[in-house]
1. Take the residues of segment 240-276 that are within 20 Å of Val206 (Cβ to Cβ), of a type outside the set (Val, Ile, Thr) and not in a helix (DSSP H, G or I): which is modelled with the lowest pLDDT?
2. From the list Leu360, Leu386, Leu373, pick out the single residue that is closer than 25 Å to His600 by Cα and in contact with a strand residue (DSSP E or B) (Cβ under 7 Å, 6 or more places away or on another chain).
3. Can you tell me which residue in segment 596-647 is farthest from Lys672 (Cα to Cα), limited to those that are of a type in the set (Lys, Arg) and crowded, with 16+ Cβ neighbours inside 10 Å?
4. Applying the selection to segment 122-133, what residues are more than 16 Å from Asn200 (Cα to Cα) and buried (at least 17 other Cβ atoms within 10 Å of the Cβ)?
5. Please go through segment 458-494 and give me each residue that is modelled with pLDDT of 90 or more, outside any loop (DSSP other than H, G, I, E, B) and of a type in the set (S, T, N, Q), ordered by number.
6. Among (1) in contact with a helix residue (DSSP H, G or I) (Cβ under 6 Å, 6 or more places away or on another chain); (2) among the hydrophobic types (A, V, I, L, M, F, W, C); (3) closer than 23 Å to Tyr763 by Cβ, where does Ile829 come up short?
7. What tally of residues in segment 711-765 results from selecting those that are assigned to a loop (DSSP other than H, G, I, E, B), surrounded by 11 or more Cβ atoms within 10 Å (Cβ to Cβ) and of a type outside the set (Gly, Ala, Ser)?
Amino acid sequence: MTSQEIRQKFLDYFQSKGHLIVPSAPIVLKDDPTLMFSNSGMTQFKDYFLGYKEPKATRIADTQKCLRVSGKHNDLDDVGRDTYHHTMFEMLGNWSFGDYFKENAIAFAWELLTEVYGIPKENLYVTIFEGDTSENLERDHDAYNFWKSHISEDRIINGNKKDNFWEMGASGPCGPCSEIHVDLRSAEEKAQVSGLDLVNNDHPQVVEIWNLVFMQYNRKADGSLENLPAKHIDTGMGFERLCMALQGKSSNYDTDVFTPLIAEVEKLSGKKYTGILESEKDIAIRVVVDHIRAVAFAIADGQLPSNGGAGYVIRRILRRGISYSYRFLDMKEPFLYKLVAVLQGQMGTFFPELEKQGTLVTEVIKSEEESFLRTIENGLIRVEKLIQQTIADNQKVLPTEEVFELYDTYGFPDDLTRIIAEEKGLTIDEKGFEQALNEQKQRSKADSVQKVYDWVTLEEKPENFVGYDTFESETYITRYRKVENKDGAFYQVVLSESPFYPEGGGQVGDKGVIENATERFEVLETKKENGLIVSLITGLPKDAGALFYAKVNTVNRKNSQANHSVTHLLHEALREVLGTHVEQKGSYVGPDYLRFDFSHFNKMTEEELALVENKVNAKIKESIALQEFRNIPIREALDKGAMALFGEKYGDSVRMIQFGSSKELCGGTHVKNTNEIGHFKIISESSAAAGIRRIEAISGDESEKYFKNLEKQVAELSQLLKSKDLMRSIEKLMEENSSLKSEVEAFKKEKAKGEIGDWKGAYEQKGDKLLLVKRTSLDAGSVKDIVFQLKKEIPTSITVILSDADGKPMITVGVSDDLAGIYQAGALIKELAKEIQGGGGGNPGFATAGGKNLDGLENAYQKALNI
């Protein structure tokens, strides 16, 4: 049975049981403050479990793309070193939202595994929750009794809270669970050791394939449990492990989920995969084929590699794959990007984003490979210098601070530093490195850590966003909670009628105030969390249940929505000028400026930028009225021509924004007419990533300020130059400057000639050679010319020039050709540069170094004489 057939049989089975089949949500989460990635199948249904949204059906089934590389669920370090851990994996799941519960969930799972897939019953074990006295939780007797009708009691195993009580995170929906494990060992192995002893003991052939979670509790922020309003079922079956079981393999990597990718790596690298767990070569191949899946899907869903947040995680995964292939597959050139085509062939039909975004994914990965391979090459040079210095200092351990700097600042893998050091008989301080890494993590954590208390619910009122239609409203606080962070104590509130737009879709959240006759509180930010609009305020009202007036900061809002509306016009103009391959890949919309990232593979020309800018301003001048379609079926919106962005999660009902021919699905706030935007001005165009360009621009008030500032600068320049013809005056200044530069260069040369004459007679006899050590204030170019001239004219000589031009110390060393085999200018400069806290290099005959410590030139003078 192929992996495609296995996936389809799962979906067909649950469709036959009355489940609605839904597509996978994006692997990257953009509007969830608690998670960066979907790390389980239930992530996209979290709002249903919490009661914030009504599910589209009470029975649902799907396969969800998941990523476990950060936070509580982090499998990254295990990947490649065993047969069954992965970064990106598919989670097959069936869901019941207040419909069936334990009995049906158990019956469905058993029937599918044993009758549809045909797994022998004697190969299966199940676990149930044994209870936990510390939380006053009893053993799951119901699950035990339901399992007894399907499997012998001696195959039902008690499991502890760690294994058999599933929790989404520190808070949120949770409940006891029942795991199904499959024993894939040979008959001989089973006869020797019972599978009962191997369940949940990390045996590679006795693995969990399905987890049935009985969602019945909500974990509060204080750690206590409360019953959910309704009981739900949340199941997750690892697709890759299921394929291993059904295809009779001993490793996930031996299934057709991975074998096409492995075959391509073998072809590109010339290395044969043998499947040996301890083989560094085989580990590298497993790492590569696993990581390319995670990176490709993340990029296809809109997350580009970067230096922060989710982008940093994706870059780290990719660099881990590159590092392994560089070290153990001898791949010194980019090649991972060539695997994308294989992945498309395997999964593109079921996950169309891989096909749609294939070119972008390929180009981004290739660019990242090229960049990191340069980092490795540059790092190798730095490591070699560090090793030579360590040997010269008669040490055996590389300095921890510099090893960590290589890793943290330059991105050079610490394990690669370790390998190179060991080849030279040196080591790195493992404990010191770990301490430095932990200290850095603690610093980062300290900046972001906050304590969040439980919600206090005041009254069960509907909570509505009214900000599309008004900037202020009467409202009540329906719930609040305290938040403590490094800046102090604040309160988050949810309002019955909130005019505050929550951060999302690239647009910043609203600020403003809530007030009444006796109290006034500043709204510092507004975000969306689990379907709720949450505003952060500076204190807690004495009477939190009183009537308040919520007022948006209208200046900020109007400027933000002008910038948001102009991004729609910009998107359309870019597609008209550059082509329909242009798609939005990210944005920032604030009151001061906008940033718009889009797919395009070339730098835009000045002509293209001018044309785009003109097209946008023409639309603004047309005074196009906003047409807004709220809560329309997504199919209807798409039929009207609305653009849907890859990587965005849309519901069945959407909001469509239209300005003339520009039509987009969007939840942000907008101007009522394009004439409110004022004027649009592109400030810059640059590269955001491979295949991604970035435009930064302004409109409205900021655009007006921009042109007023230009006017002021022109007026000041005219006054300074005493001329209205600025172009001619500046040209004249440039001509005069060029003439003066020529005169200065001529003067320097004359001065240098004089120095050469004076220095020729200043050499001292030092044994069988001549030594000249001089201080001067000549510039670097003049010093270089003098040294090369003296090398020619004075044989058997060493020349050391210590200069302090422009207040910066510099040392230059020249060695005549007849001494080159005895003295090396590069070695001499390395010693002398220490005195000025600098570094440099060159060749055996000529070398230079710059530094920071001007006072060190005197020590360098004495050291040169001593050497």
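1. Ser250
2. Numbers: Leu386 fails: closer than 25 Å to His600 by Cα; Leu373 fails: in contact with a strand residue (DSSP E or B) (Cβ under 7 Å, 6 or more places away or on another chain).
Only one candidate qualifies: Leu360.
3. Pass one, segment 596-647, residues of a type in the set (Lys, Arg): 603, 615, 619, 621, 630, 635, 640.
Cutting the leftovers down to crowded, with 16+ Cβ neighbours inside 10 Å gives us 615, 619.
Values: Lys615: 19, Lys619: 14 Å.
For segment 596-647, the residue satisfying everything is Lys615.
4. Taking segment 122-133 and keeping what is more than 16 Å from Asn200 (Cα to Cα), we get 122, 131-133.
Across segment 122-133, the qualifying residue is only Gly131.
5. Asn464, Ser473, Thr475, Thr478, Gln492
6. Of everything listed in (1) in contact with a helix residue (DSSP H, G or I) (Cβ under 6 Å, 6 or more places away or on another chain); (2) among the hydrophobic types (A, V, I, L, M, F, W, C); (3) closer than 23 Å to Tyr763 by Cβ, Ile829 misses just condition (1).
7. Of the residues in that region, 2 qualify.
Yes/no per residue for (1) more than 21 Å from Asp592 (Cα to Cα); (2) out of contact with any helix residue (DSSP H, G or I) (no Cβ under 8 Å at 6 or more places or on another chain):
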{"site": "Val466", "(1), (2)": "yes, yes"}
{"site": "Tyr501", "(1), (2)": "no, no"}
{"site": "Lys528", "(1), (2)": "yes, yes"}
{"site": "Ala546", "(1), (2)": "yes, yes"}
{"site": "Tyr549", "(1), (2)": "yes, yes"}
{"site": "Val552", "(1), (2)": "no, yes"}
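The values are calculated or read from the model by the stated rules, or taken from the named source; none is laboratory data. In this text the structure is predicted, and so the values were computed from the model without any measurement. For neighbour counting, all protein chains shown are included, and Cβ atoms are generated from backbone atoms with ideal geometry for every residue, glycine included.
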